[in-house]
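Worksheet for the structure shown next.
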Amino acid sequence: QVQLVESGGGLVQPGGSLRLSCATSGFSFTWYYMNWYRQFPGNERELVASISTGGQTNYVNSVKGRFTISRDNAKNTVYLQMNSLKPEDTAVYYCNAQYSTLDYWGQGTQVTVSS
């Protein structure tokens, strides 16, 4: 059974930091590109960051220099370190695993940036 379980979301003040984790099981983690998406109310999901099987990373322009995606293949876990958070980062963040036509999603974790 495939599982992706996000954790680490919450309420943080502007300028603060959060670290999201996505623990996975039920598939060959090392074969998969891992992505973090976010969804604003009423909008489609936006790709925030991705990491390849070889560790190459990509980010949406709005988070470059503030967010860092990483993966621990030994723990089958992907992380998103979020620094210098802004109110416009408020969203539900989703973990995603992609390999060929296979596409798995977590349930999401709420991140709220507010004073």
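Quick note: the coordinates plus some simple rules give every number you see, no bench work behind them. Just so it is clear, the structure is predicted and the values come from calculations on it, not from any experiment. Every residue, glycine among them, receives a Cβ derived from its backbone with ideal geometry; neighbour counts consider all protein chains shown.
Please go through region 27-115 and write out the trypsin sites (Lys or Arg not before Pro) that DSSP classes as loop and that have at most 16 other C-beta atoms within 10 Å.
Sites meeting the loop and neighbour criteria: K64, R66, K75.
Convex hull volume of the Cα atoms in the chain, per residue, in Å³?
So the per-residue hull volume is 96 Å³.
V48's amide H: which non-local residues (gap 5+, or another chain) put their own amide H closer than 5 Å, with H modeled 1.01 Å from N in plane and none for Pro or chain starts?
Residues meeting the criterion, in which the H sits 1.01 Å from N, are W36, Y37, R38.
Students often get this wrong: which residues of region 71-115 have the backbone nitrogen under 15 Å from the point 7 angstrom along Cα-to-C-beta of W31?
97-104
Dipole of region 49-115, Cα-centred, from +1 at each Lys and Arg C-beta and -1 at each Asp and Glu C-beta, to the nearest 20 debye?
My answer is approximately 160 debye.
Mind checking the dipole of the chain: about its Cα centre, +1 per Lys or Arg Cβ, -1 per Asp or Glu Cβ, Debye to the nearest 20?
240 debye
Using per-residue counts of other Cβ atoms within 10 Å, averaged over each peptide, order 84-90, 4-10 from highest down.
Ranking, from highest mean packing down: 4-10, 84-90.
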